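Below you'll find the structure, written out as structure tokens, and then a few comments.
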Amino acid sequence: SFLLFGVFENEKLIVYFFLRCFINKQCFTGRIVDAKYQGQGIAKKMGKILHHIAWDSNFRVFGTASKENIKSLKSYQAINNYKIIKELNNGYIYFEYLKSEEKPIQ
């Protein structure tokens, strides 16, 4: 199933984020921030919310990202450390967020 969330400024959607959950107690996160609102820490806060929803429900949290998308990787690393599970053929990595290595948001 999916849990979908949005952050709005007035009537405008500025952040979209989601959890995609599976019966095997694993889930994936995703988020997109409008370009005008990037760099304000919104994605980090939304990531924390997603992770806590998943972990409080006893799910493991996974993600994928392009190895070339340094901005996204730094954002992910700012939330939690993660371990790379597999390097995919298309230049992406498949990783798991490590609950034990959660970082505070500043």
- Task: Kindly check whether there is at least one residue in the range 81-90 that is part of a strand (DSSP E or B), open to solvent by 90 Å² or more (accessible area, probe 1.4 Å) and under 25 Å from Gly6 (Cβ atoms).
- Result: no
- Query: Just a yes or no: is a residue in the range 1-15 in contact (Cβ under 8 Å) with a residue 24 or more places away in the chain, at negative phi, within 11 Å of the chain's Cα centre (by Cα) and open to solvent by less than 50 Å² (accessible area, probe 1.4 Å)?
  - Reply: no
- Query: Just one of Ser100, Ser75 is farther than 16 Å from Phe22 by Cβ, modelled with pLDDT under 85 and part of a strand (DSSP E or B); which is it?
  - Reply: Ser100
- Within the range 47-66, is there a residue that is open to solvent by 50 Å² or more (accessible area, probe 1.4 Å) and within 29 Å of Asn89 (Cβ to Cβ)? yes
- Does the range 36-44 contain any residue that is touching a Gly at 6+ places or on another chain (Cβ under 8 Å) and over 19 Å from Phe5 (Cα atoms)? no
- Task: Consider Lys74 carefully, then state whether it is within 12 Å of the chain's Cα centre (by Cα) and surrounded by fewer than 13 Cβ atoms within 10 Å (Cβ to Cβ).
- Result: yes
- Message: Can you tell me which of (1) free of Cβ contacts under 8 Å to residues at least 60 places away in the same chain; (2) open to solvent by 50 Å² or more (accessible area, probe 1.4 Å); (3) outside any strand (DSSP E or B) is the one Phe28 doesn't meet?
- Response: (3)
- Task: Would you be able to say whether some residue in the range 81-93 is at pLDDT below 90 and within 13 Å of the chain's Cα centre (by Cα)?
- Result: yes
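The values are calculated or read from the model by the stated rules, or taken from the named source; none is laboratory data. This is a predicted model, so every value here is computed, not measured. Cβ atoms come from the backbone with ideal geometry, glycine included; neighbour counts cover every protein chain shown. The area values use the complete protein model at the heavy-atom level, side chains included, leaving out ligands, DNA and RNA. Shrake-Rupley method; radii C 1.70, N 1.55, O 1.52, S 1.80 Å.
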